[in-house]
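The values are calculated or read from the model by the stated rules, or taken from the named source; none is laboratory data. Please read all numbers here as calculations on a predicted model, not as lab measurements. Neighbour counts are summed over all protein chains in view; Cβ atoms, including those assigned to glycine, are modelled from backbone coordinates with ideal geometry.
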Amino acid sequence: MTDLSGRVALITGASSGIGAATARLLAARGCGIAINFSKSRTAAEAVAAECRKSGVDTLLVQGNVASDTDCRRIVDEAVSHFGHLDYLVNNAGTTKFVAHRDLAGLSAQDFLDIYAVNTIGPFQMVRAAEPYLRATKGAIVNVSSIAGVVAVGSSLAYVASKAALNGLTLGLARVLAPEVRINSVCPGFVFDPGRFCRRHRRRLHPVRAAGDETLRLPLTVASPRAKRNRRRCSPDLLWGYPGDLNH
């Protein structure tokens, strides 16, 4: 088991989904956790309580990653509380469910709204955290989606935003090296007990148990021994989906 005692991770969109699972997993390894959320304070507090059971310091930081001002404040609050930052997990995401063939169902504003969170948000978080991560020779994990690789998922706007995030990750890897390692992980559909999942559960592929490859990936690529590469999950996980619709 990787021991991350004394290290600190900031996770966006960590009130549910992959973000919450990553927070619990890192906390179990001894990592201090800064939990970012936008709207779901009650859910975020529940995740923080679970992390504290592992004996680690935990901070809640509210903010919308689509706002550069919020991104800078989120990072500053985390560093002010913990004194340093080792890991940034860009997990916050959003989408609009529109069938791919329904081109009239997406507006330019839909693209802008989705890109603001899924693509621009991670860039703004990286930019705000860069000096602190360079100081600790830290690591960044961008939670993307299989949608950005094989063009499936909730909408074409979501597909495009995740494909852009993957390209952004590759570009940032060159810019941030050698001090900071950055990777993109591309899971498929991960069941989260939200309204959409309950409504469409019968249409989806079975979801693997928590703790499988999907949830281990952020820990794996954040490990000091990880390589600078981009990896995607098993091909049977086919549905692109954001880690936390409410970020």
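The table for this structure:
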item: Any hit, the stretch 144-153, residues being in a helix (DSSP H, G or I) and closer than 24 Å to Gly63 by Cα; result: no
item: Residues located in the stretch 157-185, provided they are out of contact with any Gly (no Cβ under 9 Å at 6 or more places or on another chain) and among the hydrophobic types (A, V, I, L, M, F, W, C); result: Ala157, Leu168, Leu170, Leu172, Ala173, Val175, Leu176, Ala177, Ile182, Val185
item: Checking Asp102 against (1) surrounded by 16 or more Cβ atoms within 10 Å (Cβ to Cβ); (2) free of Cβ contacts under 8 Å to residues at least 12 places away in the same chain; (3) acidic (Asp, Glu), the condition it does not meet; result: (1)
item: Answer from Val61, Val79, Val65 - the residue that is surrounded by fewer than 23 Cβ atoms within 10 Å (Cβ to Cβ), within 16 Å of the chain's Cα centre (by Cα) and within 18 Å of Leu133 (Cβ to Cβ); result: Val61
item: Condition met for Lys162 (over 11 Å from Asn90 (Cβ atoms) and within 13 Å of the chain's Cα centre (by Cα)); result: yes
item: Residues of the stretch 97-117 satisfying the condition of being part of a helix (DSSP H, G or I) and among the β-branched types (Val, Ile, Thr); result: Ile114, Val117
item: Residue in the stretch 153-175 that is in contact (Cβ under 8 Å) with a residue 60 or more places away in the chain, buried (at least 22 other Cβ atoms within 10 Å of the Cβ) and closer than 19 Å to Asp70 by Cα present; result: no
item: Boolean, Ser16 is modelled with pLDDT under 95, hydroxyl-bearing (Ser, Thr, Tyr) and within 13 Å of the chain's Cα centre (by Cα); result: yes
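For (1) part of a loop (DSSP other than H, G, I, E, B); (2) modelled with pLDDT under 95; (3) out of contact with any helix residue (DSSP H, G or I) (no Cβ under 6 Å at 6 or more places or on another chain); (4) small (Gly, Ala, Ser), each residue gets a yes or a no:
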| position | (1), (2), (3), (4) |
| --- | --- |
| Thr95 | yes, no, no, no |
| Thr119 | no, no, no, no |
| Met125 | no, no, no, no |
| Ala129 | no, no, no, yes |
